[in-house]
Amino acid sequence: MSDKKLATIAVRTGIESDSQHHAVVPPIYLTSTYSFPQLGEVPQFDYSRSGNPSRNMLADALTELEGGAGGVVTSCGTAAINLLVSAILGPDDLIIAPHDCYGGTYRLFNTRANKGDFKVEFVDQSDPLAFAAALARQPKIIWVETPSNPLLRVIDVEALCQQAKAAGALVAVDNTFLSPVLQQPIALGADFVVHSTTKYINGHSDVVGGILISADAEQAENIAWWANCIGATGAPFDAYLTLRGLRTLVPRMKMHEENGAQVLAFLQNHPQVAAIYHPSLPDHPGHDIAKRQQKGFGSMISFELAGSFQQLEVFVKALKCFSLAESLGGTESLIAHPSSMTHRAMSDEAQAEAGINTALLRLSVGLEDPTDLVADLAQAFQQAVEVG
Ligand SMILES: *Cc1c(COP(=O)(O)O)cnc(C)c1O
């Protein structure tokens, strides 16, 4: 692992790397192809699907931030997940995934498993008996999301990795909800880390991207080979923008954390809140694990609104500082209704099993002034009460 602090890595990777004009900020390389110095002499970069300087710079920064051996920047987070299963799993191999994983991940694993590409089993990884039974089936990969989406359940990554290793399984962690600033899965024993860089890493809701980082150098080469083979790599312009967003990741995460804490304090005391989910709450499942393995609790907050569905509709419509939208991790605050939005690809039964009901709302707390965020929630609750 690098001896530099995270903010320094995020800010300085690629700075002053331009040997031609000595530009402080690295230029963007939009070229699709590169000239060979002479016949038979293959340059470092030959074609931008397999390699591109702008994309490599982002990969280097994120790989260093996560303490990995190598990483591939992909066209989106889903492409990174698909790259992992394409590279590692054969028809007889099993992947164990959480029953409350990201909706798109659930759809990808389910659809490809139904085609016979590999086998999948969705389990509640916080249930030791269910997890032990799944491990006994000798999975090739354990897929982990912690905190999970949308109920923010916390998994003990270090303990899971020890169990997985003993069973001969690889562990891949989707670290999208916390970013390397608040959680570093490779240091906890994970073999792979995946990000939807669309979220906190780019942080400005204007690029869709992803990365797959490997803890092992040989595996990193295998992943890079597969990325070129299946065409999973990201665009140079997207990589340039994402690196620009990454520069401020550390201060943004601090502010997300502070704003999230203020919004949470307000929601906790509100009579219109029937249930609340956040790892910082002492009675939240896995709170003690989160305290140990995370450097912060994150600014994703889920809660159930008391009252009727009509009141929920009024509440969501009345908000001015929270846009009704999927996604998360941008400077602007968002609100999502998981059962009809992010998790609609899951059947009603699968949603029920994951604990998602129609009263559940999920906030991505952004970087607006927190007093405005709290005031906005207060007036929306008031409007909901008035129609009740
Ligand atoms: C958004 C998201 C993904 C998928 O990433 P895309 O960039 O949308 O393809 C995967 N996992 C989590 C936790 C996410 O939030």
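The values are calculated or read from the model by the stated rules, or taken from the named source; none is laboratory data. In this text, all values refer to a predicted model and were calculated from it rather than measured experimentally. Positions of Cβ are backbone-derived with ideal geometry, glycine not excepted, and every protein chain shown enters the neighbour counts.
Each residue in the stretch 283-322 was checked for being in a helix (DSSP H, G or I) and not aliphatic (A, V, I, L, M), and 11 of them qualify.
Scanning the stretch 86-104 for residues that are within 16 Å of the ligand (Cβ to nearest atom) and surrounded by fewer than 22 Cβ atoms within 10 Å (Cβ to Cβ) returns S86, H99, G104. Going by the structure shown, is G203 surrounded by 24 or more Cβ atoms within 10 Å (Cβ to Cβ), touching a Cys at 6+ places or on another chain (Cβ under 9 Å), farther than 16 Å from G68 by Cα and at pLDDT 95 or above? Answer is no for this residue. Of the helices (runs of 4 or more DSSP H) lying entirely inside the stretch 152-254, the ones with 1 or more residues being farther than 28 Å from A136 by Cβ and within 14 Å of the ligand (Cβ to nearest atom) are found at 179-182, 236-246.
Rundown of residues vs (1) without any contact (Cβ under 8 Å) to a residue 24 or more places away in the chain; (2) over 27 Å from I141 (Cα atoms); (3) outside the structural domain of T111 (by TED's automatic domain parsing), yes/no style:
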site: G14; (1), (2), (3): no, yes, no
site: A23; (1), (2), (3): yes, yes, no
site: E41; (1), (2), (3): yes, yes, no
site: D46; (1), (2), (3): yes, yes, no
site: L65; (1), (2), (3): no, no, no
site: V73; (1), (2), (3): no, no, no
site: V85; (1), (2), (3): no, no, no
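Look at (1) out of contact with any Lys or Arg (no Cβ under 8 Å at 6 or more places or on another chain); (2) crowded, with 18+ Cβ neighbours inside 10 Å; (3) assigned to a strand (DSSP E or B) and you find that I335 fails only one, number (1).
Just name the residue that is nearest to the chain's Cα centre (by Cα) out of those in the stretch 132-151 that are of a type in the set (V, I, T) and not in a loop (DSSP other than H, G, I, E, B).
We begin by selecting, within the stretch 132-151, every residue of a type in the set (V, I, T); these are 141-142, 144, 146.
Now narrow it down to the ones that are not in a loop (DSSP other than H, G, I, E, B): 141-142, 144.
Numbers: I141: 18, I142: 16, V144: 11 Å.
It comes out as V144.
Pairs meeting the criteria (first residue in the stretch 184-208 and in contact (Cβ under 8 Å) with a residue 12 or more places away in the chain, second residue assigned to a strand (DSSP E or B) and surrounded by fewer than 24 Cβ atoms within 10 Å (Cβ to Cβ), beta carbons under 9 Å, at least 6 apart or on different chains) are A190/L170; D191/I141; D191/L170; F192/I141; F192/L170; S205/L334.
State whether the residues of the stretch 351-358 include one that is within 16 Å of the ligand (Cβ to nearest atom) and either aromatic (F, W, Y) or touching a strand residue (DSSP E or B) at 6+ places or on another chain (Cβ under 6 Å) (or both). Break it down stepwise before answering.
Pass one, the stretch 351-358, residues within 16 Å of the ligand (Cβ to nearest atom): 354, 356.
Restricting the remaining residues to those that are either aromatic (F, W, Y) or touching a strand residue (DSSP E or B) at 6+ places or on another chain (Cβ under 6 Å) (or both) gives none.
Within the stretch 351-358, not a single residue is within 16 Å of the ligand (Cβ to nearest atom) and either aromatic (F, W, Y) or touching a strand residue (DSSP E or B) at 6+ places or on another chain (Cβ under 6 Å) (or both).
Restricting attention to the stretch 123-151, the residues being within 16 Å of the ligand (Cβ to nearest atom) and either at pLDDT 95 or above or surrounded by fewer than 17 Cβ atoms within 10 Å (Cβ to Cβ) (or both) number 7.
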